[in-house]
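Chemist: Next up is a structure, given as structure tokens.
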Amino acid sequence: MALARLVIGRLPLVHPFRSNPGRDVNAVYVRSPVELMDQTAILRIGDQPLPLKELVSRLYRYGLVPALLKDWVIDQTVATVDLSEAEKQAAQEQFIQAHQLVSEERQQAFVQQRGLSLEQLPLLAQRQYQLEKYKQQTWGAQLESHFLQRKSQLDRVIYSLIRSQEAGLAQELYFRLQDDGESFAELARTYSEGQEAQTGGLVGPVELSVPHPTLARMLSLSQPGQLWPPTKIGEWYVVVRHEKFLPAQLNEATRKRLLDELFNGWLQDQLQGLTLTLAPSPDPIPVDREDASDDAAKP
């Protein structure tokens, strides 16, 4: 029979093995991608054989291929990252703490739910540690310049907002705030037509990349305490007062976020044009002597 293999890009995902005489010729025998099992293992769901072609079709149909390709690229990437024994220990401790796997029973339930074994738990823990180390090695030196490029979007602001679809009302409210010194919170609760009415018009803190671009520009140009006259934004007339400016800082949380941004941008580039296909195996399928002897002895 013609043997096929799953291919991502140009690399095989699993390695096919020769089927044994007397077995179901419609099923494909593969080495398990999770752990080395009997080399005559057959893909089944329940008691139904699952041909490799059908597996590929279903992966696409269920929308699972993007996640598979993403993890495939990550696996290929972290395979180049070596960990010291101390790092391996730290990786396992962090993983156990993050997933609250404080007992053997919880660890067993965790791996069973994922179709793994306890022996594979350290490798699973090391994978995330390797990934974070790869990010740091690859983009760590670029963080400061990337932060400066992104800072204007990462800066946060607190502001007060009243919105109305009536231009005349918005103008009246502006004068009551500007000339009469009325409470912004009270006017917002009474007249604002958005969700901000529930908070007395107060919004934030939010990053400057979150509000409408026109509103974000107004806030970035103003000083705390500055009141803007009614401005048309979409279907609304808005009256805005800048309350507080919170500049972004390159702290540990921001560093992690920026590293993730740079990595995800790179990852999307790697995924462009990457597909999962079913291709014929171009080479003869190797069979170990021991396996060949066992196969020959089977009826």
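The values are calculated or read from the model by the stated rules, or taken from the named source; none is laboratory data. Please read these numbers as outputs of a predicted model, since none were measured by experiment. Cβ coordinates were reconstructed from backbone atoms using ideal geometry, including for glycine residues, and neighbour counts include every protein chain displayed.
Chemist: Sort through 100, 130, 137, 108 and tell me the only one that's modelled with pLDDT of 90 or more, in a helix (DSSP H, G or I), more than 19 Å from residue 252 (Cβ to Cβ) and under 22 Å from the mean Cα position of the chain (by Cα).
Modeler: Numbers: 100 fails: in a helix (DSSP H, G or I); 137 fails: more than 19 Å from residue 252 (Cβ to Cβ); 108 fails: under 22 Å from the mean Cα position of the chain (by Cα).
After ruling out the rest, the residue left standing is 130.
Chemist: So residue 161 clears everything in (1) crowded, with 19+ Cβ neighbours inside 10 Å; (2) assigned to a helix (DSSP H, G or I) except one condition, right? Which one?
Modeler: (2)
Chemist: Across the stretch 233-245, what is the total count of residues that are over 17 Å from residue 188 (Cβ atoms) and surrounded by 14 or more Cβ atoms within 10 Å (Cβ to Cβ)?
Modeler: Looking only at the stretch 233-245, we keep the residues that are over 17 Å from residue 188 (Cβ atoms), and these are 234-235, 245.
Now restrict to residues that are surrounded by 14 or more Cβ atoms within 10 Å (Cβ to Cβ): 245.
Counting residues in the stretch 233-245 that are over 17 Å from residue 188 (Cβ atoms) and surrounded by 14 or more Cβ atoms within 10 Å (Cβ to Cβ) gives 1.
Chemist: Provide a single number: the residues in the stretch 192-248 that are over 12 Å from residue 159 (Cβ atoms) and part of a strand (DSSP E or B).
Modeler: The qualifying residues number 8.
Chemist: Hey, does the stretch 213-232 have a residue that's in contact with an Asp or Glu (Cβ under 7 Å, 6 or more places away or on another chain) and surrounded by 14 or more Cβ atoms within 10 Å (Cβ to Cβ)? Give the derivation first.
Modeler: Restricting attention to the stretch 213-232, the residues satisfying the condition of being in contact with an Asp or Glu (Cβ under 7 Å, 6 or more places away or on another chain) are 224.
Still in the running and surrounded by 14 or more Cβ atoms within 10 Å (Cβ to Cβ): none.
Checking the stretch 213-232: not a single residue is in contact with an Asp or Glu (Cβ under 7 Å, 6 or more places away or on another chain) and surrounded by 14 or more Cβ atoms within 10 Å (Cβ to Cβ).
Chemist: Could you check, for the stretch 141-157, whether at least one of its residues is of a type in the set (A, V, I, L, M, F, W, C), part of a strand (DSSP E or B) and surrounded by 19 or more Cβ atoms within 10 Å (Cβ to Cβ)? Full working, then the answer.
Modeler: Filtering the stretch 141-157 for residues of a type in the set (A, V, I, L, M, F, W, C) gives 141, 143, 147-148, 154, 157.
The next check asks that each one be part of a strand (DSSP E or B); those that pass are 157.
Checking which are surrounded by 19 or more Cβ atoms within 10 Å (Cβ to Cβ) leaves us with 157.
Yes: one or more hits.
Chemist: Out of 137, 130, 97, report the one residue that is of a type in the set (S, T, N, Q), surrounded by fewer than 17 Cβ atoms within 10 Å (Cβ to Cβ) and touching a residue at least 12 places away in the same chain (Cβ under 8 Å). Can you show your working first?
Modeler: Working: 130 fails: surrounded by fewer than 17 Cβ atoms within 10 Å (Cβ to Cβ); 97 fails: touching a residue at least 12 places away in the same chain (Cβ under 8 Å).
So the residue among 137, 130, 97 that is of a type in the set (S, T, N, Q), surrounded by fewer than 17 Cβ atoms within 10 Å (Cβ to Cβ) and touching a residue at least 12 places away in the same chain (Cβ under 8 Å) is 137.
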